[in-house]
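Any read-out appearing in this document is the output of simple, stated calculations on the displayed coordinates, not a laboratory observation. Computed from a predicted model, the values in this text were never measured in an experiment. With ideal geometry, Cβ positions are generated from the backbone for all residues, glycine too; neighbour counts draw on all protein chains shown.
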Amino acid sequence: MAGSLNGLRVLDMTSVLMGPFATQILADLGADVIKVEPPEGDTIRHLGPMRNPGMSAGFLHVNRNKRSVVLDVKDAQAHKSLLDIARTSDVFVSNIRPAALARLGLSHEDFARVNPSIIYVTLVGYGQKGPYASRAAYDDMIQAVCAIPSLIAEVGDGVPHYVPLAIVDRVVGQAAATAILAAYIHRLKTGEGQAVEIPMFETMVPYVMSEHMAGHTYEPPAGDMGYKRLLSPSRKAFATADGHVCTVLYATKHWRSFFELVGADEKYRNDPRVATIEARTSHINELYGEVASYLCTKPSAYWLDALADQDIPVMPLHTLETLMHDPHLEAVEFFKYRNHPTEGPLIEMAGLGNWSRTPPVMARPVPLLGEHTDEVLEEVSACMSGRIAS
């Protein structure tokens, strides 16, 4: 079964995580993604656990369904080969800094000369019109400049920790995939290519400020910054008699049901602090503290059943190890057990969503470095000589 993006060809010159994550989304949905790597390979090939050199676990999770081509683009013939591939491609995407691309003769103008309708996408740290344009950008740097560690410090131990995920790379990678599809739809309607710049900093700021701008949304300000419920130090997993559970009391029904469950309905029936969402938000820290005093009296299994019976949102607190064996993920077959031609048995994760007609495809195993160089260059040569259609 062909994926929904069957027929879309993406020339992928990204590396590490953000760009490869974006292009894997497209590849899973059926696009032909040609991953161009330098002779030493994508850096992430060599980082983390691996069975064989150049095939690290991190690389395996963001490069399936792609073809790998090795080109040293500083070499004249390799540079020509890259532009020849671009002639047959719909999209070019890179996370190399624009100035470096221009020095390599790989600017938007260089690509547009050989393929005027190409969609030229650059993933950058900061928008190129601002004073940060030339600065290096890593996930940690963008978290910092977006105030994420400061928020963590405010609700935690006062130390500005980073989120222990490459969260910026994933969010911006997803945004890049969305932007590529929007530009492709425009091209289908008009025939026009274009240059698209996706900056990490500007993409992430709304994820922080949409909630926390709060009263400063208005001019002049109509209140303080910060969403109190999200900034409550008590907004965390609740300790039980033998572990932790995670529950969110949000709607009025949740609060009333909870107090009835713990036998405190008389005490809280007329409590003005829980009467409205505005009042609960104002008193959220003390209210969560009272919830905690009840939850610590019984084991986790009791609360998981009792709260669910009251239709109160509740879930177990997983570890990385228990997440791998979550019963829901097992039921939907989220973790896929596959056999890679060189790496042996592997565990992959499912693609994006559930589709009735064109589901994500797992057509190609993660490629070895340069595995498809000859194949792709022969296709391009045949296309340019008119033997096959592009």
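Quick notes on this structure:
- Against the empirical 2.2 N^0.38 Å (N residues), the stretch 256-300 has a Cα radius of gyration ratio of 1.16.
- Each residue of the stretch 161-166 was assigned a 3J(HN,Hα) from its phi angle through the Karplus curve 6.51 cos²θ - 1.76 cosθ + 1.60 (θ = phi - 60°); the sequence is 7, 7, 4, x, 9, 7 Hz, with glycine and proline shown as x.
- Listed residues Gly351, Gly125, Gly30, most fluctuating in the chain (Gaussian network, C-alpha, under 10 Å): Gly351
- A simple spin-label model places the labels of His212 and Ala133 2.8 nm from each other, with each point 7 Å out along Cα-to-Cβ.
- Under 5 Å, built H, 5+ apart or other chain: amide partners of Val70: Glu37, Gly370, Thr373
- Evaluated at q = 0.25, 0.27, 0.28 Å⁻¹: base-10 log I(q)/I(0), Debye formula over Cα of the stretch 238-316: -1.29, -1.45, -1.51
- Derived scalar couplings between HN and Hα for the stretch 260-270 equal 5, 4, 8, x, 10, 5, 5, 4, 9, 4, 10 Hz in order, rounded to whole Hz, by the Karplus curve 6.51 cos²θ - 1.76 cosθ + 1.60 (θ = phi - 60°), x for Gly and Pro.
- Seen through its C-alpha gyration tensor, with square-root eigenvalues sorted a ≥ b ≥ c, the stretch 278-383 comes out prolate because a/c lies at 1.5 or above while a/b is bigger than b/c.
- Relative packing of 318-324, 302-308, which averages over residues the other C-beta atoms within 10 Å, highest first: 302-308, 318-324
- Candidates Glu348, Glu40, Glu278: whichever shows maximal mean-square fluctuation once the chain is modelled as a Gaussian network with Cα springs under 10 Å: Glu278
- For the chain, the Cα gyration tensor yields ellipsoid semi-axes of 47, 25, 19 Å (square root of five times each eigenvalue, largest first, whole Å).
- Residues Ser234 and Asp265, FRET efficiency given R0 of 25 Å [Cβ-Cβ distance, rounded to 0.05]: 0.70
- Within the stretch 215-239: backbone nitrogen closer than 18 Å to the His328 label point (7 Å, Cα to C-beta): 237-238
- Gain on full extension, evaluated as 0.36 nm per residue between Val155 and Glu197 minus their Cα-Cα distance, stands at 11.7 nm.
- Calculated on the alpha-carbon coordinates, the convex hull of the stretch 334-378 measures out at 103 cubic angstrom per residue.
- Listed by chain and number, the lysines whose alpha-carbon sits under 24 Å from that of Lys35, ignoring those within fewer than 8 places in the same chain, are Lys66, Lys74, Lys80, Lys336.
- The stretch 240-390: relative contact order as a whole-number percent, Cα under 8 Å and 6+ apart: 22
- Straight Cα distances below 13 angstrom link Lys228 to the aspartates and glutamates Glu154, Glu211, Glu278, Glu286, with same-chain residues fewer than 8 positions distant left out.
- Across the stretch 1-152, the volume of the C-alpha convex hull divided among the residues equals 145 Å³ per residue.
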